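First comes the structure, then the notes that go with it.
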Ligand code: F6P
């Protein structure tokens, strides 16, 4: 039997925003937030363009129909930004005053580490309930095994690299392919394992160029034709181009580079991301209904859990080095 909408209205007003880099599945999470909130008798407003929109009063009322036909869409229909101003006391004061003026007593923030940091500070400084939902293709947030967007980004990278493998093998070329991930190697490692890469370079295990070159040479000697080297961008997006030149000079074979860049952030979310987004978005509202605050919802060993912002912010979940050695062992 389908559940009926609660007739009780006037539970209060929840604001929701997406901030930082967009991630596939953000729209699915927004849908879950809005529909669960309305189900529980809340009004909902969407804040456009993240914390920037919060300080500028860029707000729209959201209804059940506002979030129809978005579960499958990439990006975020509310828009997003990386706000420097929200890091200042003045910026946050302006944001809180606007929230008060709109009668918003609870805020749900969707994003990565910068978003959780902003949410943590705002909820410490002002009397407002705040719950965070982890969305980042980097998957580096502490307190959750998976962030919304990560699974889709890995699949996008795998699909692209499988295509590059076809041309690499046809020409007997070596490809150096850079993926995103900021300062962690989750995206690079997971992708490398899935495409059967010959070598992977991640921030958690610094590159020794001589080792890389030796390994490629050994592969060539064993009869490998094309080789795929995956590198995480680290803090130097585009560095794969330089690395490819160095490798080409040492190996004396054709080497090409590809930087996957922002294509990993777009596209329709995978079913895993849609489901994760639906579960975490709904739970965020349920926590508001239980008067909880200053928490991020996360997924640990298949169970939804609540993690205090103080245990998430300023930490970084590093990639599993066991996977690194597996890539190595499986590429002989
Ligand atoms: O955090 C997500 C991410 O895509 C990182 O992987 C990348 O380093 C960064 O955002 C790029 O940010 P921007 O889109 O602002 O250039």
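All of the numbers you see were taken from the coordinates with simple rules; none came from a lab. Just so you know, these numbers come straight off a predicted model, no measurement behind them. As a convention, Cβ positions derive from the backbone with ideal geometry for all residues, glycine included, and neighbour counts pool all protein chains shown.
Worth pointing out:
- Shape call, segment 115-271: gyration tensor on alpha carbons, a/c limit 1.5: prolate
- Sorted on the mean count of surrounding Cβ atoms within 10 Å across their residues, most packed first, peptides 74-81, 144-151, 191-198 read 144-151, 191-198, 74-81.
- Angle between the chain longest axis and helix 209-221 axis [Cα atoms, degrees, rounded to 10]: 60 degrees
- Relative contact order (%) - the chain, alpha-carbon pairs under 8 angstrom, separation at least six: 23 percent
- For the listed peptides 165-178, 276-289, a ranking on the average number of other beta carbons within 10 Å per residue, highest first, reads 276-289, 165-178.
- Helix 150-171 vs. the chain, principal-axis angle (Cα, 0 to 90°, nearest 10): 20 degrees
- Within the chain, percent of DSSP bridges classed antiparallel, to nearest 5: 25 percent
- A Cα-only calculation for the chain places Rg and Dmax at 22.0, 73 Å.
- Taken over segment 7-46, the ratio of Cα radius of gyration to 2.2 N^0.38 Å equals 1.27.
- Based on C-alpha pairs under 8 angstrom that are at least 6 apart in sequence, segment 125-221 has a relative contact order of 21 percent.
- Among 261, 25, 132, the largest mean-square fluctuation in a Gaussian network model of the chain (Cα springs under 10 Å) belongs to 261.
- The order of the peptides 215-224, 295-304 by mean Cβ neighbours within 10 Å, most packed first, is 295-304, 215-224.
- Note: relative contact order over segment 1-121, using C-alpha pairs below 8 Å and six or more positions apart, is 36 percent.
- Computed over the chain, the per-residue total of -39500 (n - 2.57) for DSSP H runs of n ≥ 4 gives a 222 nm mean residue ellipticity of -13000 deg cm²/dmol, rounded to 500.
- Legend: calculated FRET efficiency, residue 169 to residue 251, from the Cβ-Cβ distance at R0 = 22 Å, rounded to 0.05, equals 0.85.
- Rounded to 10°, Cα long-axis angle of helix 113-125 versus longest principal axis of the chain: 30 degrees
- Cα gyration tensor category, rounded, prolate or oblate, for segment 157-213 with a/c compared to 1.5: oblate
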